[in-house]
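Below is one structure, written out as structure tokens; comments come after it.
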Amino acid sequence: MERKEIIEKVNEFLIDDFEIDEEKLTEDARLKEDVGIDSLDYVDIVVVVNKVFGFKIQSGELKDVKTLGQFYSYIEGKV
């Protein structure tokens, strides 16, 4: 799967499922501070990523993922 497709799918579920404004979704947007993802949202993101991309995010794997670009890269490395 190409990065462009990953970005489209991630942005789609962030907009649809988490009601995040599309203009906030940039590579350098910080997940907590800029996008507004909180600890409860991370639980939901694990479920959505499993459904959309077919793999489970393991505990602690996202601890160093601070920006949306890093999240895209994380998924890109898993698929």
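The values are calculated or read from the model by the stated rules, or taken from the named source; none is laboratory data. Owing to the predicted nature of the structure, the values given are computational and were not obtained by experimental measurement. Ideal geometry is used to build each Cβ from the backbone, glycine not excepted, and the neighbour counts take in all protein chains shown.
Structure values in brief
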quantity: Residue count for the range 54-65, restricted to those that are of a type outside the set (Lys, Arg) and closer than 22 Å to Asp28 by Cα; calculated: 6
quantity: Of all residues making up the range 48-78, the number that are surrounded by 13 or more Cβ atoms within 10 Å (Cβ to Cβ) and within 18 Å of Lys9 (Cβ to Cβ); calculated: 18
quantity: Residues that are within 15 Å of Ile20 (Cβ to Cβ) and modelled with pLDDT under 95, drawn from the range 42-70; calculated: Tyr42, Asp44, Ile45, Val48
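Yes/no per residue for (1) under 17 Å from Gln70 (Cβ atoms); (2) in contact with a Phe, Trp or Tyr (Cβ under 8 Å, 6 or more places away or on another chain); (3) not aromatic (Phe, Trp, Tyr):
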position	(1), (2), (3)
Arg3	yes, yes, yes
Glu8	no, no, yes
Asn11	yes, no, yes
Ile15	no, no, yes
Ile20	yes, no, yes
Lys32	yes, no, yes
Asp41	yes, yes, yes
Val49	yes, yes, yes
Gly54	no, no, yes
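Yes/no per residue for (1) under 12 Å from the mean Cα position of the chain (by Cα); (2) at pLDDT 95 or above; (3) surrounded by 15 or more Cβ atoms within 10 Å (Cβ to Cβ):
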site: Glu8; (1), (2), (3): yes, yes, no
site: Ile15; (1), (2), (3): yes, yes, no
site: Asp28; (1), (2), (3): no, yes, no
site: Leu40; (1), (2), (3): no, no, no
